[in-house]
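A quick write-up on the structure given underneath.
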Amino acid sequence: MTEEPPTLAPLLTPEGQALLAQVRDHDPAHELALATRLRRDHPAGLVSAALGQARLRQRAVAKFGAEDAHRMYFTPNGVEQATRSAVAAHRAARLRALGVRRVTDLCCGIGGDAVELARAGISVMAVDKDPLTAEIAAANVHALAPAGPRAEVVCADATTYDLAGAEALFVDPARRRGSGRVFDPEAYAPPLSWAIDAVRRTGLGAIKIAPGIPHELVPDDFAAEWVSHGGDVKEAVLWHAPGLPPTRTATLLPEGATVASHDLPDPAVRAPGGYLYEPDGAVIRAHLIAEAVTALPDAGLLDGTIAYVTSDTLHRTPFATAYEITDVLPFNLKRLKALLREREVGILTVKKRGSAVEPEELRRKLKLKGRNEATVFLTRVAGAPSMLLGKPAAG
């Protein structure tokens with residue numbers, strides 16, 4: 001007997017919708033008792049589906065916000081791989097600024113990007129080869145962008161879908177398998193080379209990729225953008241459009257600050273000053289530290305191979321977090337322990353670059369106790385293992 005493929009349909013019925021509303025804010029720790037009670041009045045399969053969606057929606061709040069997440073539908077992989085709504089909205093706005101009015105969204109997943117494209121006034125043809133995922137994407141676009149322009153979702157393989165007449169492409173290849181993340185771009189599904197060729201043939205488009213992509217894999221006729229949100233690097237995007245220069249940019253959301261490449265030389269290495277700057281991860285991934293610190297006239301690197309910047313005076317920049325440094329010492333666990341005990345530091349933030357020390361193991365060995373807080377940077381200063389003690393800069 002052939003097993004029926006999973007479908008969203010039962011949850012879209014009045015009974016399914018009522019169940020979803022009932023379990024929206026349930027505590028997963030008490031799920032077994034809740035499921036037992038609900039199965040007295042509802043089919044067991046429907047109860048399981050509603051509870052599963054409720055769990056996924058709770059996880060999705062961090063990406064989509066409560067208002068949207070609790071109206072959407074997900075698969076477990078969909079929650080993991082979906083674009084955060086603020087990032088998708090930024091991309092949709094950039095496509096709109098390029099004059100795009102119609103986008104073919106390949107490998108659309110649960111439809112997070114399709115929703116924001118529609119909200120930006122762009123017509124969308126979304127494509128995904130998994131039937132349940134395509135069904136979910138259609139439901140999400142209908143729920144979140146009902147007043148937008150035409151948005152369709154089709155179940156098809158992106159690599160065989162007819163792209164004739166497409167105005168612009170957005171391609172989001174799958175970068176996960178059952179065993180975890182895929183790091184080789186040619187192991188993406190579809191491969192990065194296929195996506196690049198498809199965008200080139202269309203003439204305009206964007207490809208979402210992992211932020212760790214080696215720069216040498218970025219084609220000469222594509223611009224590359226690294227995007228962070230709240231200080232965490234979320235993705236990189238390859239952009240291709242007529243007249244678009246092949247620059248590297250870093251975009252920091254939600255503020256929207258952007259810095260672009262100007263082929264500046266790396267800052268010189270200098271002795272530690274009174275302030276340390278930790279560049280945003282997107283700035284580091286884009287290799288744009290020099291461009292990001294041009295407003296810091298006395299800034300330099302602590303070490304030529306490490307992305308920590310130092311200066312004698314405090315300068316505000318959206319591209320880095322500033323810390324006031326009180327101590328610069330050769331790395332020595334006993335000295336650090338004594339110093340923290342002397343200053344009654346009970347809460348220690350450990351940051352590291354170029355150090356093999358594990359933060360949790362360090363905290364365990366330090367046996368912290370006290371009412372004060374501090375930050376320690378474990379790194380190298382001009383090649384020497386060092387520790388810099390300080391705190392976030394005031395103001």
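Residue count for region 376-395 satisfying the condition of being over 30 Å from the mean Cα position of the chain (by Cα), surrounded by fewer than 18 Cβ atoms within 10 Å (Cβ to Cβ) and assigned to a strand (DSSP E or B): 2. How many residues does region 258-298 contain that are over 21 Å from G231 (Cα atoms), out of contact with any Leu (no Cβ under 6 Å at 6 or more places or on another chain) and aliphatic (A, V, I, L, M)? Here the count works out to 3.
What residue, of W194, W226, is touching a Phe, Trp or Tyr at 6+ places or on another chain (Cβ under 9 Å) and of a type in the set (F, W, Y)?
Values: W226 fails: touching a Phe, Trp or Tyr at 6+ places or on another chain (Cβ under 9 Å).
Just one listed residue meets the conditions, W194.
Only residues that are in contact with a helix residue (DSSP H, G or I) (Cβ under 8 Å, 6 or more places away or on another chain), charged (D, E, K, R) and farther than 18 Å from A120 by Cα were counted in region 138-176, giving 3. What's the number of the condition G354 fails, among (1) outside any strand (DSSP E or B); (2) open to solvent by 80 Å² or more (accessible area, probe 1.4 Å); (3) not hydrophobic (A, V, I, L, M, F, W, C)? Of the numbered conditions (1) outside any strand (DSSP E or B); (2) open to solvent by 80 Å² or more (accessible area, probe 1.4 Å); (3) not hydrophobic (A, V, I, L, M, F, W, C), the odd one out for G354 is (2).
Filter region 253-269 for residues that are assigned to a loop (DSSP other than H, G, I, E, B) and on the phi < 0 side of the Ramachandran plot and give the result. Walk me through it before giving the result.
So the first thing to find is which residues in region 253-269 are assigned to a loop (DSSP other than H, G, I, E, B), and the list is 254-256, 261-268.
Hits for region 253-269 are P254, E255, S261, H262, L264, P265, D266, P267, A268.
For beta carbons closer than 6 Å, sequence separation of 6+ or different chains, a first residue in region 60-81 that is closer than 18 Å to R175 by Cβ and a second that is open to solvent by 20 Å² or more (accessible area, probe 1.4 Å) and of a type in the set (K, R), the qualifying pairs are K63/R84; V79/R59. Residue count for region 160-170 under the criterion of being within 13 Å of T104 (Cβ to Cβ), open to solvent by 60 Å² or more (accessible area, probe 1.4 Å) and modelled with pLDDT of 95 or more: the result is 2. The residues of region 98-157 that are part of a strand (DSSP E or B), among the acidic types (D, E) and open to solvent by 30 Å² or more (accessible area, probe 1.4 Å) amount to a single one, E152. When each of P297, P279, P272, P219 is tested for being over 17 Å from R91 (Cβ atoms) and modelled with pLDDT under 95, the lone residue that passes is P297.
When only residues in region 208-240 that are closer than 17 Å to T258 by Cβ and of a type in the set (A, V, I, L, M) count, which is surrounded by the most Cβ atoms within 10 Å (Cβ to Cβ)? Here the residue is V227.
Being β-branched (V, I, T) and either touching a strand residue (DSSP E or B) at 6+ places or on another chain (Cβ under 8 Å) or surrounded by 14 or more Cβ atoms within 10 Å (Cβ to Cβ) (or both) is the filter here; which residues of region 7-66 pass it? Selection gives V23, V47.
Restricting region 71-97 to residues that are among the aliphatic types (A, V, I, L, M) and open to solvent by less than 30 Å² (accessible area, probe 1.4 Å), which is nearest to G256 (Cα to Cα)? Can you show your working first?
Of all residues in region 71-97, those among the aliphatic types (A, V, I, L, M) come to 72, 79, 82, 86-89, 92-93, 95, 97.
Next, only the ones that are open to solvent by less than 30 Å² (accessible area, probe 1.4 Å) stay: 72, 79, 82, 87-88, 92, 95.
Values: M72: 26, V79: 24, A82: 20, V87: 10, A88: 13, A92: 14, L95: 15 Å.
Among those residues, the one meeting the criterion is V87.
Of all residues in region 326-347, those satisfying the criterion of being surrounded by 13 or more Cβ atoms within 10 Å (Cβ to Cβ) and either within 13 Å of M387 (Cβ to Cβ) or of a type in the set (V, I, T) (or both) are T326, D327, V328, L329, F331, N332, R335, L336, K337, L339, L340, V345.
Once region 249-279 is narrowed to residues that are surrounded by fewer than 17 Cβ atoms within 10 Å (Cβ to Cβ) and among the acidic types (D, E), the residue that is nearest to D298 (Cα to Cα) is D266. Comparison of K369, K365 shows that the only residue that is outside any loop (DSSP other than H, G, I, E, B) and either touching a strand residue (DSSP E or B) at 6+ places or on another chain (Cβ under 7 Å) or open to solvent by 30 Å² or more (accessible area, probe 1.4 Å) (or both) is K365.
In the condition set (1) in a loop (DSSP other than H, G, I, E, B); (2) within 25 Å of the chain's Cα centre (by Cα); (3) touching a residue at least 40 places away in the same chain (Cβ under 8 Å); (4) surrounded by fewer than 20 Cβ atoms within 10 Å (Cβ to Cβ), L314 is compliant with all but (2).
The values are calculated or read from the model by the stated rules, or taken from the named source; none is laboratory data. No experiment lies behind these values; they were computed from the predicted model shown. Cβ sites come from the backbone with ideal geometry, for glycine too, and all protein chains shown count toward neighbours. Surface areas here come from the heavy atoms of the whole protein model, side chains and all, with no ligands, DNA or RNA. Shrake-Rupley method; radii C 1.70, N 1.55, O 1.52, S 1.80 Å.
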